């Protein structure tokens, strides 16, 4: 599934121009990387609701600027401190043949079937909710599933134990760090 975003190039810059755009229901943004940075304008509501979708944060997006399409990643979104309003968005261009690093969410499944929960009344803690992966843009996963169904009391799951899609590497493991992703407390044995 490709997410497409329609944008227009903008020439006016500065605080006053950005305020005028926001009052008109538009959103100032910038695209950088590979070529020169380009200032663009987006529809505020389209981006506001897209930011609520987890896939929007980790997927390669198809940004169409004045009819020219290019693949980009969302790199930053600045929100208003108390209003439901996006203030600014940054996108980074990607090359299909160059590996990129991106944060990917972890989806935890199978906790209700885990021996730690069923037999020991343990509590499973999610130590990390996202990881940084390195892959070609076409191989970038929307999320990584963490299977907790075999986790026993007092055990933990490390980064190196995650099942990754083809062509995807964990940046922390490449750097020699094998951190904990989830762990089960020791718990108590069920009365028999």
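Counting the residues of segment 113-151 that are touching a helix residue (DSSP H, G or I) at 6+ places or on another chain (Cβ under 7 Å), exposed (fewer than 15 other Cβ atoms within 10 Å of the Cβ) and either assigned by TED's automatic domain parsing to the domain that holds residue 75 or free of Cβ contacts under 8 Å to residues at least 40 places away in the same chain (or both) gives 0. Is it true that residue 186 is at pLDDT below 90, over 29 Å from residue 97 (Cα atoms) and in a loop (DSSP other than H, G, I, E, B)? Judged against the criteria, residue 186 is a match. Within segment 163-186, the residues that satisfy the criterion of being farther than 19 Å from residue 107 by Cβ and over 20 Å from the mean Cα position of the chain (by Cα) are 175, 176, 177, 178, 185, 186. Listed conditions (1) over 13 Å from residue 5 (Cα atoms); (2) outside any strand (DSSP E or B) are all met by residue 101, apart from (2).
Quick test of your reading of the structure: residue 78 fulfils all but one of (1) more than 16 Å from residue 94 (Cβ to Cβ); (2) modelled with pLDDT of 95 or more; (3) surrounded by 15 or more Cβ atoms within 10 Å (Cβ to Cβ). Name the failing condition by number. In the conditions (1) more than 16 Å from residue 94 (Cβ to Cβ); (2) modelled with pLDDT of 95 or more; (3) surrounded by 15 or more Cβ atoms within 10 Å (Cβ to Cβ), residue 78 misses (3) alone.
The residues of segment 19-51 that are in contact with a strand residue (DSSP E or B) (Cβ under 6 Å, 6 or more places away or on another chain) and at positive phi, listed by number, are 33, 34.
Among the numbered conditions (1) closer than 26 Å to residue 131 by Cβ; (2) in a strand (DSSP E or B); (3) modelled with pLDDT under 95, the only one that residue 90 does not meet is (3). Residue count for segment 86-108 under the criterion of being over 14 Å from residue 58 (Cα atoms) and touching a helix residue (DSSP H, G or I) at 6+ places or on another chain (Cβ under 7 Å): the result is 3. Filtered by the rule that a residue be modelled with pLDDT under 95 and over 15 Å from residue 35 (Cβ atoms), segment 63-72 gives a lone residue, 67. For segment 55-74, a residue qualifies if it is touching a strand residue (DSSP E or B) at 6+ places or on another chain (Cβ under 8 Å), part of a strand (DSSP E or B) and surrounded by fewer than 16 Cβ atoms within 10 Å (Cβ to Cβ), and the qualifying residues are 62, 64, 69. Say we look at segment 1-39 and pick out the residues that are within 12 Å of residue 91 (Cα to Cα) and free of Cβ contacts under 8 Å to residues at least 40 places away in the same chain; which of these is surrounded by the most Cβ atoms within 10 Å (Cβ to Cβ)? Across segment 1-39, the extreme among qualifying residues is 38. Return yes when residue 157 is crowded, with 17+ Cβ neighbours inside 10 Å, at pLDDT 90 or above and farther than 30 Å from residue 33 by Cβ and no when it is not. Judged against the criteria, residue 157 is a match.
In segment 89-112, the qualifying residues are those that are surrounded by fewer than 14 Cβ atoms within 10 Å (Cβ to Cβ) and without any contact (Cβ under 8 Å) to a residue 40 or more places away in the chain, and the one that is nearest to residue 159 (Cα to Cα) is 107.
The values are calculated or read from the model by the stated rules, or taken from the named source; none is laboratory data. Everything quoted here is computed from the prediction, not taken from an experiment. Backbone-built Cβ (ideal geometry, glycine too); neighbour counts: all protein chains shown.
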